Structures are given as structure tokens and as C-alpha cells.
1. For the chain, take the longest principal axis of its alpha carbons; what is the angle in degrees between that and the long axis of helix 214-223, to the nearest 10 within 0 to 90?
2. Please report the net charge: other residues with Cβ closer than 9 Å to the Cβ of E90, K and R +1, D and E -1.
3. With viscosity set to 1.567 mPa s and temperature to 4 °C, compute the Stokes-Einstein D of region 8-87, Rh being the Kirkwood radius across alpha carbon pairs; µm²/s, no decimals.
4. What is the local net charge at R29, summed over the other residues whose Cβ is closer than 15 Å to its Cβ (Lys, Arg +1; Asp, Glu -1)?
5. Stick to Cα atoms and the Kirkwood definition of Rh, then tell me Rg/Rh for the chain.
6. Work out the FRET efficiency for L219 and E176 from their Cβ-Cβ distance, taking R0 = 22 Å, and round it to the nearest 0.05.
7. What is the angle, in °, between the Cα long axis of helix 106-125 and the longest principal axis of the Cα atoms in the chain? Nearest 10 is fine, range 0 to 90.
8. Taking K and R as +1 and D and E as -1, what net charge do the other residues with C-beta under 10 Å from the C-beta of G144 add up to?
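What follows draws every value from the coordinates through simple rules; no lab data is involved. Since the structure is predicted, the reported quantities are computational estimates derived from the model, not experimental observations. Neighbour counts are summed over all protein chains in view; Cβ atoms, including those assigned to glycine, are modelled from backbone coordinates with ideal geometry.
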Amino acid sequence: MTEDVPGYRVLEQVGEGGFSVVYRAHQERLDRMVALKVLSVSAVDDAAMRRFQRECKITGRLSGHPNIVTVLDTGTTRSGRPYIAMEYFEHGALTDRLAREGPFQLAEVLRIGVKMAGALAATHETDVLHRDVKPQNVLVSRYGEPALADFGIARLVDSFDATHTQAFTPHHAAPEVLEGRPPGVGSDIYSLGSTLYQLLAGQPAFKGPPGEGIALLMLRILNEPPPPI
């Protein structure tokens with residue numbers, strides 16, 4: 001079901017996660033395309049609402065950095081669900097470019113790495129950990145500039161407990177996260193390095209055969225060096 005959002009004409013659904021749906025929409029007042037991230041119907045409970053509100057605040061706090069997605073607006077749909085309006089990235093994520101063009105050239109990987117390192121430095125300076133740096137969460141602007149996105153599981157540096165360490169992407173998670181220990185600044189940096197490896201190699205450093213379980217993948221990440229590119 002398409003959302004009815006005051007001030008926006010929703011055009012199509014372009015993404016969906018466990019907590020939200022993303023639409024391409026036209027902001028009528030300013031005549032521009034935006035991405036509307038709306039809390040899912042199935043996710044409207046207190047915990048999901050707090051997570052969504054936290055994402056709004058963290059992303060809003062970081063808006064203005066040239067390599068972090070900018071929040072343009074927040075509000076509620078006519079059905080009462082909260083939304084975030086953000087820049088729309090018509091070229092998708094780094095994974096989309098990988099699928100279209102294959103592995104990146106070294107010079108391009110270095111350029112992206114420097115800019116994403118700056119985005120993470122700005123994030124960490126506000127005492128926030130991203131916790132899910134991966135190629136899917138780096139979007140590409142119409143000018144070819146990378147932008148860090150999706151702060152849905154971000155947390156303040158000192159706000160972790162045992163339950164907060166469970167959300168991660170195994171292929172790009174730091175060893176301490178896989179071991180169940182709290183993440184730190186270094187965990188985000190590890191994930192950035194893993195992301196850059198995938199851009200160069202065309203696939204994650206550790207990619208098991210079809211049918212391999214997450215537990216075996218995690219053991220390989222913890223005990224084996226990454227294959228040379």
C-alpha cells in the first residue's frame with residue numbers, strides 16, 4: 001500500500017528493510033525528488049519507534065557533511081507513521097555499481113576510502129558509532145560522490161549493553177563484534193576496510209560456498225586471514 005504523505009507525491013517503492021520502507025517521492029513545494037523512509041506497519045511498536053526516532057536524530061545531527069546523507073524533513077504520514085525525507089540517490093549504492101561494472105579501480109577505491117574515512121571521523125566526533133558500514137550503505141550521488149547512509153542501528157559510543165551488539169552484517173563485522181563484545185570506533189574502521197576490499201575484489205573477503213551457515217562464516221572470519229586480491 002502506497003503511503004499518503006502530506007506535501008509529497010509518492011511515486012514508487014525503492015527499498016524495504018526490517019523496520020522501514022523507502023519510497024521515491026516528489027516534494028511538491030520545492031519541486032525535487034527525495035527518498036522517504038517510512039516506519040513499517042509491522043514495526044510500529046515502542047522499540048521500533050525509539051529506533052526510528054534515534055535514526056532521525058543521529059542523521060540530522062550529521063547532516064551537512066558532504067559524504068553523509070542529508071535529512072531534509074521529518075514528519076508523520078496521514079496514517080500516523082513517522083517518516084524521514086532524505087536526498088534521493090538515483091545511482092543507488094556501491095553494490096549496485098559493483099553489479100553493473102564489476103570491481104573498482106584502485107584509484108577510485110582510494111578516493112572513496114578517503115571520503116568515507118572523513119564521514120566516519122565526523123560521526124565518531126559526535127560520539128556515534130555507525131555499526132553497519134558496508135557497500136550497501138554507501139550511496140552514490142549523481143555527481144559520483146559517495147555518501148554514508150542508514151544509521152538505523154547506530155548508537156552513542158557509551159550506550160551499549162549485551163542486547164545492542166547483536167545487529168550486524170557478518171561479512172563486514174569486526175572480529176570483536178562477532179565474538180559478542182561491544183563495538184568501538186575501531187569496529188567501524190574495520191568495516192570500512194572490509195568494504196573497500198569488496199570494491200577491489202568484487203566480493204567480500206570471506207564469502208562461503210552456497211549453503212554455508214553464518215556460524216561457519218564467522219569462524220572463518222575469526223581464524224583465517226583475508227585472501228589476497
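1. 50 degrees
2. Taking every other residue near E90 into account, the sum is +2.
3. 100 µm²/s
4. Cβ neighbours under 15 Å give a net charge of -1.
5. That ratio is 0.96, to two decimals.
6. With R0 = 22 Å, the Cβ-Cβ based efficiency is 0.90.
7. In the chain, helix 106-125 runs at an angle near 70 degrees to the longest axis.
8. Counting the neighbours of G144, the net charge comes to +1.
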